Amino acid sequence: MTEIQESLPDKAAARREFHRSRVLDAAEAIVAEKGLPGLKARELADKAGCALGAIYIAFEDLDELVLRVNARTLALLEAALAPPPEVLKKKKELRRLALGYLRFARANAPRWKALFEHRLPPEKPLPEWYFAERERLFQLLEAPLARLLPQEDPDQRRQKARTLFSAVHGIASLGLEEKLAPTPEATLEAQLCDFIEIVLRGLSDD
């Protein structure tokens with residue numbers, strides 16, 4: 001086998017990775033601007049500067065592409081919610097996380113919505129790599145709960161973290177989309193703080 005023949009697989013892999021990066025960057029830009037409904041294959045190919053077929057060479061299918069875009073959004077959200085250098089009191093940390101989530105959702109509405117609008121077919125399991133990305137976010141919420149409830153079973157704390165996230169997400173979603181009534185920014189943040197206070201009182205009574 002010649003040196004040229006040996007280098008062909010490497011060149012093909014490099015070309016695939018080049019297209020993959022361009023397509024992913026273009027998809028992320030479209031979702032950030034227009035949300036998931038704006039992600040159309042032909043427009044994506046034009047923005048990425050590649051042939052339509054290159055999308056399906058770089059990615060298994062559009063589901064994988066959307067998950068990769070959403071993983072970038074999860075990474076941005078994780079960075080936005082990262083603990084500050086100083087250790088906050090347990091109750092302040094929960095309020096900081098809740099308000100941080102709301103503010104991220106407000107500032108990044110199209111890509112935030114894409115996290116919840118995308119659905120895999122029932123027969124297609126969520127990839128392990130994406131599951132791990134999502135779990136790191138829940139761990140940010142589990143940390144203050146572990147300090148608030150040090151004696152509680154870890155599985156029960158994990159369940160509480162997911163329940164708390166679902167409630168915070170619901171308040172943020174209803175308020176930002178004004179599904180119940182017009183909700184000014186300050187009012188929505190006050191509602192969220194009130195909810196966290198109720199939760200904290202309930203946890204202290206456990």
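List of remarks:
- Prolate/oblate/rounded call for region 59-206, Cα gyration tensor, a/c under 1.5 rounded: oblate
- Accessible surface, per residue, of the chain when the full set of protein chains is kept, probe 1.4 Å, Å²: 59
- When Ser173, Ser166 are compared by accessible surface with a 1.4 Å probe, the order from highest to lowest is Ser166, Ser173.
- Charge-dipole axis of the chain as Lys and Arg at +1 and Asp and Glu at -1 on Cβ define it, positive-most pick from Cys50, Leu126, Ala32: Ala32
- Summing Lys and Arg as +1 and Asp and Glu as -1 over all other residues whose Cβ lies under 11 Å from the Cβ of Leu76 gives a net charge of 0.
- Links that overshoot a 19 Å alpha carbon limit, given the list Lys40/Lys124; Lys90/Lys160; Lys11/Lys40; Lys91/Lys179; Lys40/Lys113: Lys40/Lys124; Lys11/Lys40; Lys91/Lys179
- C-alpha center-to-center spacing [region 68-147, region 8-49] in angstrom: 24
- Applying the Karplus relation 6.51 cos²θ - 1.76 cosθ + 1.60 with θ = phi - 60° to region 61-71 yields 3J(HN,Hα) values of 6, 5, 4, 4, 4, 5, 4, 5, 5, 5, 5 Hz, where x marks Gly and Pro.
- Counting only protein heavy atoms and a probe of 1.4 Å, the accessible surface of the chain is 56% carbon and sulfur.
The values are calculated or read from the model by the stated rules, or taken from the named source; none is laboratory data. This structure is a prediction, so every number in the text was calculated from the model and none was measured. Methodologically, a virtual Cβ is constructed for each residue, glycine included, from the backbone with ideal geometry; neighbour enumeration extends over all protein chains shown. For accessibility, only protein heavy atoms count, side chains too; no ligands or nucleic acids. Shrake-Rupley method; radii C 1.70, N 1.55, O 1.52, S 1.80 Å.
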